[in-house]
Amino acid sequence: MLVLNQVHVLAVEVKSTLGVEDVKPFVETLGRFREFFPEYGQRRLYGAVAGISIDARADPYAYRQGLFVLAQSGETVIILNDAQFQPRAW
């Protein structure tokens, strides 16, 4: 999923069950994002992972990779990253 505005692009990998094995290839894909979407070359790129169920190791791993972590909370979605989080820009 892509979320866009005039300055930023947020690429989101969505899984029903999110594990570390899902995060690793997504980080690699973000490194190649501009090859596939050159029209967004001037925008700042960020990444996020989301899951209905998140493996206990996936959340901290994604955080360390500079990804936003999104989780289901009732009928809404919440960002699990804390106030000290610094997102990585690709």
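Odds and ends about this structure:
- In summary, the convex hull built on the alpha carbon positions of the stretch 2-79 has an orientation-averaged projected area of 5.3 nm².
- In the chain, the DSSP-assigned H stretches of four residues or longer account for a calculated mean residue ellipticity at 222 nm of -6500 deg cm²/dmol, using -39500 (n - 2.57) per stretch and the full residue count as denominator.
- Average Cα contact separation per residue, the chain, under 8 Å, 6 or more apart, as relative contact order %: 29
- Of all DSSP-defined beta bridges confined to the chain, some 35% are antiparallel rather than parallel.
- Length released on extending from residue 76 to residue 7, taking residue separation times 0.36 nm less the Cα-Cα span: 22.3 nm
- On Cα atoms only, tilt of 20-31 relative to the major axis of the chain in degrees: 10
No value in this document is a laboratory result; all are computed from the given coordinates. Computed from a prediction, not measured in an experiment: that's the story for all the values here.
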